[in-house]
Amino acid sequence: MTGSLAIGVDAGGTKVVGLLVDVKADGKILDRRLVETPATDADAATRTIVAVARELMAGNDVTALGVGAAGLVDLGGVMRFAPNVAWREYPLAERIGQAVGLPTLVDNDANVAAWGEYRFGAGRGSNDMLLVTVGTGIGGGIVAGGRLFRGAHGFAGEIGHIIVEPNGPLCGCGNLGCWEQVASGRAIGRLGKEAAREHPESLLARLAGGDADHLTGAVVTAAAQQDDAVAIRILAEVGRRLGEGIAGLVNILDPDVVVVGGGVITAGDLLLGPARQAYIGAVEAPDHRPDVPIVAAAMGNDAGAVGAADLAVMETTGPHAVARPGSRQPAPFSEER
Ligand SMILES: [Zn+2]
């Protein structure tokens, strides 16, 4: 019989958040830790995760550890490439697992967030769910038939890098016009800067303190919430691009719900309203298919760590444990700082 306590860690580019979670009590969070990420040093970043996990383990009967981190994580828990931390071809699950002595699962941050929302949040009761996380970029996680869909190598769900505008804005991945360049917080910020220069009298420009270069997506949302027509138009434009992209993904995946999370969700229906409208206009044969609700995520920033904890218990322990292909033998891991 597996215990119900697990640790979930969200290892971001600026901070590591660790949660002690009761996975059998609706993912209830019992304790939490937050530490800055030493992002430029791969081993130091790993040691930070280990330290956070050990603190949360102390005095508790913990069953497993799950970690979510941005990047390409293979099925053996090797971080092939992390955009924000210096992990390259790095056996993250093995190193953390050896150091903490717990069954350890490492997966992509959006995958574990999808699992969290599916189990305990806005996707509860669904069987086939798509999570679209819209922050600076766009991430995705897919639950298909009640299971996290990872693809052949673990890299499925990287939905932000579909090219939707050839010769569009340059993306961090090296391509031009990826979806995340036209439908994310970055797009809201870029359009906001352009608009503030064009309309210096607008509330948007005034909220930016007359400095269009430093205008962010959050300023656009704040202006839109105060009925600034320019800002509302920007959110509607980005929402339209978001909804069109979701329509394409619904054509492929046929989910029963689409959950939209990430920082831009603070814009609420100013973004999701136009997204829903564009979705209906773009999805194949909308009159001949059940409605697919496009809803806001429910768990905020905790979805990833809670999902990682639950996934770790499910996949590394008990009767449903998944045999994972072994990763390459890691070099000895130094505990010294
Ligand atoms: Zn890209």
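Modelled label positions at Asn301 and Gln226, each set 7 Å beyond Cα in the direction of Cβ, lie 2.5 nm from each other.
How much accessible area per residue does segment 42-179 have, in Å², with a 1.4 Å probe? That works out to 35 Å² per residue.
When the square roots of the Cα gyration tensor eigenvalues are ordered a ≥ b ≥ c, the ratio a/c for the chain is 1.5 or more and a/b exceeds b/c, which makes its shape prolate. What's the angle, to the nearest 10 degrees (0 to 90), between helix 303-316's Cα axis and the longest principal axis of the chain? Helix 303-316 and the main axis of the chain meet at about 40 degrees.
Seen from every direction in turn and averaged, the convex hull around the alpha carbons of segment 1-118 projects onto 6.7 nm². Here the accessible area of segment 153-311 is 53 percent carbon and sulfur, with a 1.4 angstrom probe and all protein chains present. An oblate overall shape is assigned to segment 230-270, the ratio a/c of its alpha-carbon gyration tensor axes (a ≥ b ≥ c) being 1.5 or greater and a/b not exceeding b/c. Placing +1 on the Cβ of every Lys and Arg and -1 on the Cβ of every Asp and Glu, with nothing else charged, gives the chain a dipole about its Cα centre of roughly 400 debye.
Here's the picture: a label point sits 7 Å out from the Cα of Arg32 along the beta-carbon direction, and within segment 90-132 the residues with their amide nitrogen under 17 Å of it are 113-114, 116-117, 120-122.
Here Lys24 is the anchor, and the aspartates and glutamates within straight C-alpha reach of less than 18 Å, apart from those fewer than 8 places off in the same chain, are Asp61, Glu117, Asp302, Asp310, Glu315. Under the classification rounded if a/c is under 1.5, otherwise prolate if a/b is larger than b/c and oblate if not, where does segment 245-322 fall, given a ≥ b ≥ c as square roots of the Cα gyration tensor eigenvalues? Here segment 245-322 falls in the oblate category. Near the amide H of Lys28, within less than 5 Å, lie the amide hydrogens of Asp22, all on another chain or at least 5 residues away, with H placed in the peptide plane.
Within the chain, antiparallel bridges make up roughly 60 percent of the DSSP beta bridges whose residues both belong there.
Per-residue ellipticity at 222 nm, computed for the chain from helices alone with -39500 (n - 2.57) per DSSP H run of at least four residues, works out to -11500 deg cm²/dmol.
Give me the percent of Cα-Cα pairs in segment 139-260 that sit more than 24 Å apart, rounded to a whole number. So the pairs more than 24 Å apart make up 38 percent of the total in segment 139-260.
Length available on full extension from Asp269 to Asp213: 0.36 nm per residue minus the Cα-Cα distance, which gives 17.5 nm.
Ranked by the mean number of other Cβ atoms within 10 Å of their residues, highest first, the peptides 160-171, 106-117, 284-295, 217-228 fall in the order 106-117, 217-228, 160-171, 284-295. Measuring nothing but how far apart in sequence close Cα pairs (under 8 Å, 6+ apart) lie, relative to its length, segment 10-141 scores a relative contact order of 19 percent.
Between helix 109-120 and the chain there is an angle of about 90 degrees, using the helix long axis and the longest principal axis of the Cα atoms. By a 1.4 Å probe calculation restricted to protein chains, Val100 has an accessible surface near 20 Å², given to the nearest 10.
Placing dummy labels 7 Å off each Cα toward the beta-carbon, the span from Asn127 to Ala44 is 5.0 nm.
Whole-Hz Karplus values for segment 43-60 come out as 5, 5, 4, 5, 4, 5, 4, 4, 5, 4, 5, 4, 4, 6, 6, 3, x, 10 Hz, taken residue by residue from phi with 6.51 cos²θ - 1.76 cosθ + 1.60 and θ = phi - 60°; glycine and proline positions read x. Between the helical axis of 185-198 and the longest alpha-carbon principal axis of the chain there is an angle of about 30 degrees. Per-residue extension of 0.36 nm, minus the Cα-Cα distance of Glu55 and Arg88, leaves a gain of 9.2 nm for this segment.
The values are calculated or read from the model by the stated rules, or taken from the named source; none is laboratory data. Keep in mind that what you see is a predicted model, and the values were worked out from it rather than measured. Here Cβ is always computed from backbone atoms with ideal geometry, including for glycine, and neighbour counts include all displayed protein chains. These area figures cover heavy atoms from the full protein model, side chains too; ligands, DNA and RNA do not enter into them. Shrake-Rupley method; radii C 1.70, N 1.55, O 1.52, S 1.80 Å.
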